[in-house]
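Computed from the coordinates by the stated procedures, all read-outs in this text should not be read as laboratory data. None of these values were measured; they are calculated from a predicted model. Cβ coordinates were reconstructed from backbone atoms using ideal geometry, including for glycine residues, and neighbour counts include every protein chain displayed.
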Amino acid sequence: MPFSHLTDELKDLEATGLRRHRRMLESSQGARIVVDGREYLSFCSNDYLGLASHPALIEAAQSAAARYGVGAGASHLVSGHSMLHHELEVALAAFTGLPSALLFSTGYMANLGIITALAGRDDEIFADKLNHASLNDAVLLSRAKFTRYPHFDLAALEKRLAASRAKRKLVVTDAVFSMDGDIAPVPELLALCERYDALLVLDDAHGFGVLGDKGRGVLEHFGLLSSPHSSPLTPHLIYMATLGKAAGVFGAFVAGPLELADYLVQRARTYIYTTATPPLLSAALSASLRLIAGEAWRRERLRELIAGLRYGLKLRRWRLMDSTTPIQPVIIGSNRETLAVSEALRERGIWVPAIRPPTVPKGEARLRISLSAAHAVEDVERLVQVLNELEKQD
């Protein structure tokens with residue numbers, strides 16, 4: 001049988017508690033969702049600001065669909081680049097305080113496009129060991145020398161940068177690590193890149209919209225941009241963020257110097273050879289940017305919920321990781337126990353995903369709690385109560 005080996009591998013995944021299954025969402029995203037006919041209190045979405053179902057975004061998308069249709073119809077370089085795409089790129093550049101922005105269909109495609117366009121066989125890329133799969137895959141596709149450094153180990157990174165004789169050097173890192181919730185030491189990374197003439201590629205998928213007073217992301221969080229229209233403090237920076245998490249819609253963008261966007265239009269294959277995203281999404285995202293900037297209460301609510309969760313959880317066997325972001329992982333360890341706890345939560349009407357290897361290291365299976373501004377304080381109190389009860393059970 002030609003696919004018998006696949007059947008065997010699937011059985012092995014099942015036996016080790018690593019087989020994944022999809023479940024059918026029957027509602028919009030929100031603090032409460034309906035899955036397989038049952039309502040759950042949801043802590044499994046990256047909709048950090050509660051914008052995915054916001055009426056203003058829905059209205060903007062509907063209005064744009066009526067005028068511009070549903071599909072873009074072609075790639076950006078043929079006839080698919082809409083005025084709405086252009087307006088969103090201008091708004092994103094202004095919002096992030098960087099000279100230019102370029103839209104991509106997804107964060108995965110953005111990372112592939114950036115890195116394969118900027119690095120090749122004569123170059124070296126230095127990557128945090130816990131980076132997202134899209135960054136790792138991009139490095140492999142670039143054919144550059146792939147050098148990984150231990151998580152947040154700046155001394156190890158500097159040693160490797162100093163020893164490199166590559167034609168071009170790139171340091172690539174998540175800004176907020178999606179499975180741990182910790183924030184990269186961006187100022188120190190920028191300083192190293194300036195010292196060793198390397199480019200820093202920041203993947204701010206989980207910081208954009210959440211970090212900073214105005215939600216402008218990790219650069220604002222660290223005070224690296226002084227105003228919405230200022231220039232970055234370093235020319236060594238390439239900034240990428242996704243638009244399907246805190247922004248509540250879909251897509252991604254890359255921001256940086258003017259020549260960067262122009263160069264990627266010429267060389268980024270994941271930009272050149274794909275159909276542009278539907279213009280209606282850009283209309284929804286423009287509405288989202290206005291809410292992100294204008295409704296600081298959403299980030300304030302998140303901070304309140306994060307503090308309440310961390311204060312209320314009284315864990316002995318499990319471990320709540322050190323995170324100040326909406327990503328609050330609880331390390332359980334065993335794949336099977338993590339799955340069992342996730343199922344026990346579902347039985348009580350609470351949805352928290354079980355994250356297992358290879359997404360996280362072996363022996364570090366966890367519950368990934370994602371908080372949203374759409375949650376009420378009482379929602380988090382309910383989660384804390386049930387988790388404390390479950391942990392006490394043998």
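Placing a label point 7 Å from the Cα of K129 along the Cα-to-Cβ direction, none of the residues of the range 305-331 has a backbone N under 12 Å of that point. Taking every C-alpha pair closer than 8 Å and separated by at least 6 residues, the mean separation divided by the residue count of the range 233-385 gives a relative contact order of 18 percent. Within the chain, helices built from complete DSSP H runs that reach 15 Å or longer along their own axis (Cα positions) and carry a mean Kyte-Doolittle hydropathy of -1.0 or higher are 4-15, 55-68, 83-96, 107-118, 279-294, 297-312, 335-347, 377-392. Among beta bridges from DSSP that stay inside the chain, the antiparallel ones total about 55%. Restricting attention to the range 55-294, lysine pairs at least eight places apart or on different chains and with alpha-carbon atoms under 24 angstrom apart total 11.
Taking semi-axes √(5λ) of the Cα gyration tensor in Å as calculated from this structure, the corresponding entry among [x] 33, 27, 22; [y] 31, 22, 20; [z] 36, 27, 18 is [x]. Annotation: lysines with alpha-carbon distance below 25 angstrom to K392 (same-chain offsets under eight excluded): K314, K362. Of E14, E347, E378, the residue with the greatest mean-square motion in the GNM of the chain, using alpha carbon springs below 10 Å, is E14. Applying both filters, DSSP loop and at most 14 other Cβ atoms within 10 Å, to the trypsin sites (Lys or Arg not before Pro) of the range 126-216 gives K129, R143, R165, K167. Using C-alpha pairs under 8 Å with a sequence gap of at least 6, the mean separation divided by the residue count of the chain gives a relative contact order of 23 percent.
What's the longest bit of the chain with no exposed chymotrypsin sites (Phe, Trp or Tyr not before Pro), using DSSP loop states and at most 12 other Cβ atoms within 10 Å as the test? By the stated rule (loop sites, at most 12 other Cβ atoms within 10 Å), 4-272.
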